[in-house]
Amino acid sequence: MIFTGFKRKSNQIFFNKKVSELLNKPTETGSNLIKTVLIILDDASEKELIEKDVQDIVGISKNKLETILYQEKPQKLQKENSLQAAIISPNDFGWFGAVKSEKAKHILTKKYDLLINYSKVDALYSNLLLLQSNIKFKVGFAHLNNRFYDLLIDCKPDNVHLFNQELKKYLRILKMIE
């Protein structure tokens, strides 16, 4: 569609204008221990492995863990019981950064203690979701935009095992896990 480029440009303008305002919004402080986790992925094949690793690292149950699959171009997925992640795409956003899908609105209204972004690409729409969400502590790969994260781990995005080891080490140092 011809309006796709215009919509992306309007979201980029909104993002550039509001980034400092959204980054300076106060965050809640409370218990340092992690109770709820949000994971952002861009590869559905890694979902089960990453969820299990995060459960082991943080020590939470599966119902306290939520996974978002970000896809730039949403694909028709076959019905699989194993893939129960919310799929977010540019279609879930309207003009000027407005969130129009119910699954994205649900993510924005819920409070999380930890966000882990396993995305290999720094995308505008996942950053819009990240900025507008209510998350106490955000972790990602070092190649991502450093303004949005509290902790960046410098390793290749393909090396998830090393990333998880470093994540566990730093969360222990920060006394966010036991």
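Scanning the stretch 135-147 for residues that are out of contact with any Cys (no Cβ under 8 Å at 6 or more places or on another chain) and part of a loop (DSSP other than H, G, I, E, B) turns up HIS143, LEU144, ASN145.
Could you tell me whether SER20 is assigned to a helix (DSSP H, G or I), under 18 Å from ASN117 (Cβ atoms) and modelled with pLDDT under 90?
Details: assigned to a helix (DSSP H, G or I): yes; under 18 Å from ASN117 (Cβ atoms): no; modelled with pLDDT under 90: yes.
So SER20 fails the test.
Counting the residues of the stretch 83-99 that are modelled with pLDDT of 80 or more, in a loop (DSSP other than H, G, I, E, B) and under 18 Å from the mean Cα position of the chain (by Cα) gives 2.
Filtered by the rule that a residue be in a strand (DSSP E or B), crowded, with 19+ Cβ neighbours inside 10 Å and not polar (S, T, N, Q), the stretch 100-134 gives TYR112, ASP113, LEU114, LEU115, ILE116.
From the list GLU166, GLU80, exactly one residue is at pLDDT below 90 and over 13 Å from the mean Cα position of the chain (by Cα). Which is it? So that I can check it myself, show each step before the final result.
Details: GLU166 fails: at pLDDT below 90.
Matching residue, one of GLU166, GLU80: GLU80.
When the stretch 138-156 is filtered for residues that are within 11 Å of the chain's Cα centre (by Cα) and without any contact (Cβ under 8 Å) to a residue 40 or more places away in the chain, the ones remaining, listed by number, are LYS138, VAL139, GLY140, TYR149.
The values are calculated or read from the model by the stated rules, or taken from the named source; none is laboratory data. If you're wondering where the values come from, they're calculated on a predicted model, not measured in any experiment. No Cβ is skipped: glycine too gets one built from the backbone with ideal geometry, and neighbour counts run over all protein chains shown.
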